[in-house]
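The structure that follows is given in the form of structure tokens.
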Amino acid sequence: MMLKNVEIYSKSNCVFCDKAKNYFTQNNITYEEFNVEIPEVFDALMKRNPNARTMPQIFIDNTLIGGYTDLIEWLEK
């Protein structure tokens, strides 16, 4: 499966963020990472997904997938 335009909003010391990034890396999926510890990045995420309460927040082709477990479920479909 070719995943395009993969974006991950993450923070440091986040196990599920690391799991998602490891998944992408192991499967040669290019992704762009955004650190929500930067206030401007956090604000941008809140505009895209006002309901974001957990990290990571993963978008593929501008569609919100959700967190790591959401990603795995989405990939299995």
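Values in this text are rule-based calculations from the coordinates and carry no lab data. Keep in mind the model is a prediction, meaning the values are calculated, not measured. For neighbour counting, all protein chains shown are included, and Cβ atoms are generated from backbone atoms with ideal geometry for every residue, glycine included.
Which order results if Met46, Met55 are arranged by neighbouring Cβ count within 10 Å, fewest first?
Numbers: Met46 12, Met55 22.
Fewest to most other Cβ atoms nearby, the residues stand as Met46, Met55.
Sort Tyr23, Tyr68 so the one with the fewest other Cβ atoms within 10 Å of its own Cβ comes first.
Neighbour counts put them in this order, fewest first: Tyr23, Tyr68.
Follow-up question, since we're still on this one. Per the helix-only calculation at 222 nm, which mean residue ellipticity applies to the chain, given -39500 (n - 2.57) for every DSSP H run of n ≥ 4 and division by its residues, nearest 500 deg cm²/dmol?
Helices in the chain give a 222 nm mean residue ellipticity of -12000 deg cm²/dmol.
Pull out the extension gain between Lys11 and Glu76, defined as 0.36 nm times the separation in residues minus the alpha carbon to alpha carbon distance; nm, one decimal. Walk me through the numbers before you get to the answer.
Working: separation 65, 0.36 × 65 = 23.40 nm, distance 2.54 nm.
Answer, rounded to one decimal: 20.9 nm.
Taking the Cβ-Cβ separation of Thr69 and Arg48 as r and a Förster radius of 22 Å, what is the calculated FRET efficiency to the nearest 0.05?
Details: r = 20 Å, r/R0 = 0.89.
Efficiency computed from Cβ-Cβ geometry: 0.65.
Now for a separate question. By how many degrees, 0 to 90 and rounded to 10, does the Cα axis of helix 39-48 deviate from the longest principal axis of the chain?
Approximately 60 degrees, to the nearest ten.
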